[in-house]
Amino acid sequence: MEGSNLTDKNQQESSDPRKVTYSGLVSTKQALEREKSSFILDKTILQAICEDGPLSLEEIRKATLPLEAALGIRIDLPKIQEIIKRFIKDGLVWENK
Amino acid sequence: MARFFSRKDPGKDYLNKVVIGLGVGLVKSRKLLNLSFGPQGAMDVLSVWIGQEIAKELLRQKKIRVNISEQELIEKLLEEIRMAEELSFETEDGKSIITIQNCLICPKRVGGYDLEGETACPVGGIIMGAITFVKGESPSLPNINLKPGEYCRISLDLAK
């Protein structure tokens, strides 16, 4: 019984989005060259991950704050997650669980 | 698929020329200005503010209302600022995909400038700025995916 609770707890921890970090699979220069035509928010997120990763979602959000001020638009976590999902699919970013 | 065409109105061409000049100016001065994310990054920031100002004016002139849908707002932008000759909407995986065709504010296609492998497209930023201004503090931010060429494809998530 106790073992089963421990397994449940481990599973919960591994799927906790706060514990997930993201690393770049290519250099910042390569990543930005590939994403040259992307929107500035995408490039800001990619640069933060490739240059300073592994980073958590919260740390990535902090990196987007200057852009949030520059654009006058609130950038929330689901939006950031959506962009990272595309980078993972495109092989630019790795998700560390 | 829905398609919308812009009406010809040469009297409105000055705004197009302003945007073309801004785009090519950013490309040509990118080293001097030391733009962190290139001319496209600079254009993105500037065009979001341009989009907000255009939306503000459309509201002031009562050409749009705050409860306008994103799709209707984009159609209005096409008509009012002659952003492109043609815009089409399709639904793909629950997302509205907007395809810009024959863009009329492209420094390369319309202006005829060599952009030296760079892009300086204001369309995504203008759309994002206009939507966020009209929809308030927490709009559904469009996912802007620019594939440069004669047919620029911009993906917008209008699901929220």
Original post:
Considering every Cα-Cα pair within the range A:20-96, what fraction, in whole percent, is farther apart than 19 Å?
Top reply: 24 percent
Original post:
Applying the Karplus parametrisation 6.51 cos²θ - 1.76 cosθ + 1.60 with θ = phi - 60° to the phi angles of the range B:65-75, what ³J(HN,Hα) value in whole Hz is obtained for each residue in order, glycine and proline being reported as x?
Top reply: 10, 5, 8, 5, 6, 4, 4, 5, 5, 5, 4
**OP:** Take peptide B:37-47, look around each residue's Cβ out to 10 angstrom, count Cβ atoms belonging to other protein chains, and average those counts.
**Re:** 5
Subject >> trypsin sites (Lys or Arg not before Pro) within the range B:55-139, DSSP loop, no more than 11 other Cβ atoms inside 10 Å >> reply: B:Lys62, B:Arg65
Original post:
Do you know the relative contact order of the range A:20-96, to the nearest whole percent, from alpha carbon pairs under 8 angstrom that are 6+ apart?
Top reply: 44 percent
**OP:** Note down the nm distance, to one decimal, between modelled labels 7 Å out along Cα→Cβ at A:Ala70 and at B:Lys56.
**Re:** 2.0 nm
Original post:
For the pair B:Glu90 and A:Glu59, how long in nm is the line joining their label points, each one 7 Å along Cα→Cβ?
Top reply: 4.0 nm
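Please compare each pair in A:Lys29/A:Lys62; A:Lys79/B:Lys108; B:Lys31/B:Lys108 to a cut-off of 28 Å on the Cα-Cα distance and tell me which ones are over it.
Values: A:Lys29/A:Lys62 21 Å; A:Lys79/B:Lys108 31 Å; B:Lys31/B:Lys108 19 Å.
Pairs exceeding 28 Å: A:Lys79/B:Lys108.
Read-outs: derived from the displayed coordinates by stated rules, not from any lab. These numbers come from a predicted model, not from an experiment. Don't worry about glycine lacking a Cβ; one is built from the backbone with ideal geometry, like all the others, and counts go over all protein chains shown.
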